[in-house]
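The values are calculated or read from the model by the stated rules, or taken from the named source; none is laboratory data. Bear in mind that the values here come from a model prediction, so they are computed numbers and not experimental data. Note that each Cβ is placed from the backbone with ideal geometry, even for glycine, and that neighbours are counted across all protein chains shown. Protein only, heavy atoms only, side chains kept; ligands, DNA and RNA dropped before computing areas. Shrake-Rupley method; radii C 1.70, N 1.55, O 1.52, S 1.80 Å.
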Amino acid sequence: MTSSDEQTGERSLILILGDQLSRNIAALKRADPDRDIVLMAEVAEEAGYVQHHKKKIAFLFSAMRHFATELKEDGWQVHYVRLDDPDNSGSLTGEIDRLRAAHPVARVVVTEPGEYRLKSALQDWAEASDVPLEMLQDSRFLCSHERFGEWAEGRKQLRMEYFYREMRRETGLLMDGDEPEGGKWNFDHENRKPAEDGLTLPEPPQTSPDEITEEVLDLVESQFGDHFGTLRPFWFAVTREDALASLERFAAEALPHFGDYQDAMLEGERFLYHSVLSHYINAGLLEPLEVCRRVERAYYEGDAPLNAAEGFIRQIIGWREYVRGIYWRNMPGYTEQNFLEATRPLPGFYWTADTDMACVAAAVSQTRDEAYAHHIQRLMVTGNFAMLAGIDPHQVHEWYLAVYADAYEWVEAPNVIGMSQYADGGLLGSKPYAASGNYINKMSDHCAGCRYSVTKKTGEDACPFNPLYWDFLVRNRDKLRNNPRLKRAYSTWDRMPEPRQEEYLDSARKVLDQL
Ligand SMILES: Cc1cc2nc3c(=O)[nH]c(=O)nc-3n(C[C@H](O)[C@H](O)[C@H](O)COP(=O)(O)OP(=O)(O)OC[C@H]3O[C@@H](n4cnc5c(N)ncnc54)[C@H](O)[C@@H]3O)c2cc1C
Ligand code: SF4
């Protein structure tokens, strides 16, 4: 043994990232509390690479501080670096170097980061470093990169539905032997009702900030006061225990109607029957599989119908795992894609909510207040508008990455670049999610209070989504004309009298000129 081995005693430095707040995280599972040192650090580089929402930063810092306290209580040696520590180097690799200068280690162990950017930074650091870096697979995900690669290999189209069926078989979730529970894989035709009047809407539990959270809120106010978003009132759970309570509340109160009203929107109602669990799952406070098992149990115990349980489980073991697979298979470069060559800058109202479009104002203002909007607001309101208006998808991507508490590039980018902006040219979705005001009117009550008229197709008071929808199709005809799912729309356009077409294009131009 060399003197340096004696000094390090084979000790490992275990780096735990801000979205790896789980006692089951691979790097901790392999570690020894009596020998290894855990490093957790709040660093400017991670908090500032986009202008993250204040609530998102506060959630992560507070959850990190709580998790570090729990690990210490469990007997781990935790080195926790606060953002305002005067010696804080500002980067994770800087903090690794600082810690190992004081406490020599034989290796650095980390669970694979969720973002390509950070994974590369750590790998670059390791190449230049004299200690090895071990990067372990993130076992919280059900589908490893290799497994996704096996599934994707040789397929012409990577459709989520087929991937999802394999995940159902592999997890056994809602399976009756080899067959799906209820005889069908997907019950979506029973879902997606518009919200009716008189629904009783549950609210996610509101956790009061404790001393640790209050301290973090003050820090965020002073250091990130210029970032987007309302900081207080702050009600997110920041511990696993409280996140589990949110899961229980969802299973009892919202899940039974989750499927029915999954796509509905109501003025002033921010959560409807959604779980509001994504930021807890993505940060590690809840495990995706345990969430699905809890929902499956609700079905078997008769507390939730099959369309709700199946629809929810599909979002997690289907969509969530699938988008992660798409991200890693296509990075680097995925976030730069711009199939439709859209170049318009993101309009200012994405930050201020200052627009007469009632649906957009509602989605942006609740995003500002809660760092949350549900799927249909993200996809069919803010996402749809950006795509129809030809906004640069990279700017759209950076907006989504900044403003939601659950946003990490591995999940946000495929949803934005792929699903919502069609900037990947159809790798993820079989057609652009483009819709006129009619869809929003059907699924929400926003139009009733809007200064625009959803039934007017052109002219000054017409709902801007209406002319923009046609302008989008016409503008991108060369790229979209062969999509079988758009054939009907193009033939409707072609049958329209030319003066009518001109009215649409003229109205669209006026909307775009005002952005
Ligand atoms: C443009 C756009 C951007 C998005 N950005 C993000 C993001 O940054 N982070 C993120 O976690 N989700 C993102 N999504 C997916 C989805 O909108 C959110 O997961 C969901 O709104 C979170 O709210 P919830 O927990 O109440 O979800 P619920 O409606 O209750 O759904 C249950 C769970 O399913 C998972 N889920 C549902 N849909 C998806 C999906 N398309 N992709 C991945 N997981 C899904 C989430 O874990 C969610 O908690 C985005 C969707 C779109 C259209
Ligand atoms: S009229 Fe158009 S802009 Fe106004 S709320 Fe309806 S869809 Fe949105």
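Whether a residue is open to solvent by 20 Å² or more (accessible area, probe 1.4 Å), among the hydrophobic types (A, V, I, L, M, F, W, C) and at pLDDT 95 or above was assessed, and Leu28 does not pass this test.
Pairs are defined by a Cβ separation below 6 Å, a sequence spacing of at least 6 or placement on different chains, a first member in the stretch 351-368 that is farther than 14 Å from Cys463 by Cβ, and a second member that is open to solvent by 30 Å² or more (accessible area, probe 1.4 Å) and within 15 Å of ligand 1 (Cβ to nearest atom); the pairs so defined are Gln366/Arg270.
To keep it simple, each residue is scored yes or no on (1) within 19 Å of the chain's Cα centre (by Cα); (2) within 16 Å of ligand 2 (Cβ to nearest atom).
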| residue | (1), (2) |
| --- | --- |
| Met331 | yes, no |
| Tyr350 | yes, yes |
| Asp354 | no, yes |
| Ala358 | no, yes |
| Tyr372 | yes, no |
| Thr382 | yes, yes |
| Leu401 | yes, no |
| Val411 | yes, no |
| Val416 | yes, no |
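Per the conditions (1) in contact (Cβ under 8 Å) with a residue 60 or more places away in the chain; (2) touching a Pro at 6+ places or on another chain (Cβ under 8 Å); (3) part of a helix (DSSP H, G or I), the sole criterion not satisfied by Leu515 is (3).
Residue-by-condition table, conditions (1) over 27 Å from Glu336 (Cα atoms); (2) touching a strand residue (DSSP E or B) at 6+ places or on another chain (Cβ under 9 Å); (3) open to solvent by less than 60 Å² (accessible area, probe 1.4 Å):
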| position | (1), (2), (3) |
| --- | --- |
| Ser129 | yes, yes, yes |
| Gly149 | no, no, yes |
| Asp178 | yes, no, no |
| Asp188 | yes, no, yes |
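Can you find a residue in the stretch 268-275 that is modelled with pLDDT of 95 or more, more than 8 Å from ligand 1 (Cβ to nearest atom), aliphatic (A, V, I, L, M) and open to solvent by less than 10 Å² (accessible area, probe 1.4 Å)? No, there is no match, as no residue in the stretch 268-275 is modelled with pLDDT of 95 or more, more than 8 Å from ligand 1 (Cβ to nearest atom), aliphatic (A, V, I, L, M) and open to solvent by less than 10 Å² (accessible area, probe 1.4 Å).
Looking at the stretch 99-208, the helices (runs of 4 or more DSSP H) lying wholly inside it that each contain 1 or more residues that are closer than 30 Å to His446 by Cβ sit at 160-171.
Looking only at the stretch 326-349, residues that are open to solvent by less than 50 Å² (accessible area, probe 1.4 Å), assigned to a helix (DSSP H, G or I) and either away from ligand 1 (no atom under 16 Å from the Cβ) or touching a strand residue (DSSP E or B) at 6+ places or on another chain (Cβ under 9 Å) (or both) come to 1 in all. When the stretch 317-376 is filtered for residues that are in contact with a helix residue (DSSP H, G or I) (Cβ under 8 Å, 6 or more places away or on another chain) and hydroxyl-bearing (Ser, Thr, Tyr), the ones remaining, listed by number, are Tyr322, Tyr327, Tyr334, Thr335, Tyr350, Thr352, Thr355, Thr367, Tyr372.
Kindly check whether there is at least one residue in the stretch 9-23 that is touching a residue at least 60 places away in the same chain (Cβ under 8 Å), part of a helix (DSSP H, G or I) and over 26 Å from Glu409 (Cβ atoms). Within the stretch 9-23, not a single residue is touching a residue at least 60 places away in the same chain (Cβ under 8 Å), part of a helix (DSSP H, G or I) and over 26 Å from Glu409 (Cβ atoms). For the stretch 418-459, a tally of residues being among the acidic types (Asp, Glu), over 19 Å from Ala195 (Cα atoms) and within 13 Å of ligand 2 (Cβ to nearest atom) returns 0.
The C-beta contact set for the stretch 125-151 (first residue within 19 Å of Gly318 (Cβ to Cβ), second residue open to solvent by less than 30 Å² (accessible area, probe 1.4 Å) and acidic (Asp, Glu), distance under 9 angstrom, 6+ apart or interchain) comprises Asp138/Glu112; Phe141/Glu321; Leu142/Glu321; Cys143/Glu321; Ser144/Asp138; His145/Glu112; Phe148/Glu321. Entry remark, the stretch 209-250: residues being more than 15 Å from ligand 1 (Cβ to nearest atom), farther than 26 Å from Arg294 by Cα and either in a loop (DSSP other than H, G, I, E, B) or open to solvent by 80 Å² or more (accessible area, probe 1.4 Å) (or both) number 17 in total. Selection of the stretch 414-458 for residues being open to solvent by less than 40 Å² (accessible area, probe 1.4 Å), more than 13 Å from ligand 1 (Cβ to nearest atom), more than 15 Å from Leu473 (Cα to Cα) and aliphatic (A, V, I, L, M) yields Ile440, Met443, Val454. May I ask you to verify whether Asn476 is touching a Lys or Arg at 6+ places or on another chain (Cβ under 6 Å) and surrounded by 14 or more Cβ atoms within 10 Å (Cβ to Cβ)? Criteria not met by Asn476.
Within the stretch 37-47, the set of residues being in contact (Cβ under 8 Å) with a residue 60 or more places away in the chain and open to solvent by 10 Å² or more (accessible area, probe 1.4 Å) comprises Glu46 only. Residue selection: Ala361 satisfies the criterion of being modelled with pLDDT of 95 or more, under 16 Å from Arg451 (Cβ atoms) and in a helix (DSSP H, G or I).
Restricting the first member to the stretch 65-87 and to residues that are farther than 21 Å from Asp34 by Cα, and the second to residues that are open to solvent by 90 Å² or more (accessible area, probe 1.4 Å) and at pLDDT 95 or above, the beta-carbon pairs closer than 8 Å and six or more apart or on different chains are Leu83/Gln223; Asp84/Gln223.
Of all residues in the stretch 264-292, those that are closer than 23 Å to Ala68 by Cα have Cβ atoms under 8 Å from Cβ atoms of residues that are open to solvent by 40 Å² or more (accessible area, probe 1.4 Å) and part of a helix (DSSP H, G or I), 6 or more apart or on another chain, in Leu285/Arg240; Leu286/Arg240; Leu286/Leu244.
Within the stretch 398-408, does at least one residue satisfy the condition of being in contact (Cβ under 8 Å) with a residue 40 or more places away in the chain, open to solvent by 20 Å² or more (accessible area, probe 1.4 Å) and of a type in the set (A, V, I, L, M, F, W, C)? Checking the stretch 398-408: not a single residue is in contact (Cβ under 8 Å) with a residue 40 or more places away in the chain, open to solvent by 20 Å² or more (accessible area, probe 1.4 Å) and of a type in the set (A, V, I, L, M, F, W, C).
Among Gln77, Gln51, which is the only one that is touching a His at 6+ places or on another chain (Cβ under 6 Å) and open to solvent by 40 Å² or more (accessible area, probe 1.4 Å)?
The match here is Gln51.
When Glu398, Glu412 are checked against the criterion of being touching a helix residue (DSSP H, G or I) at 6+ places or on another chain (Cβ under 6 Å), in a helix (DSSP H, G or I) and of a type in the set (D, E, K, R), a single residue qualifies: Glu412.
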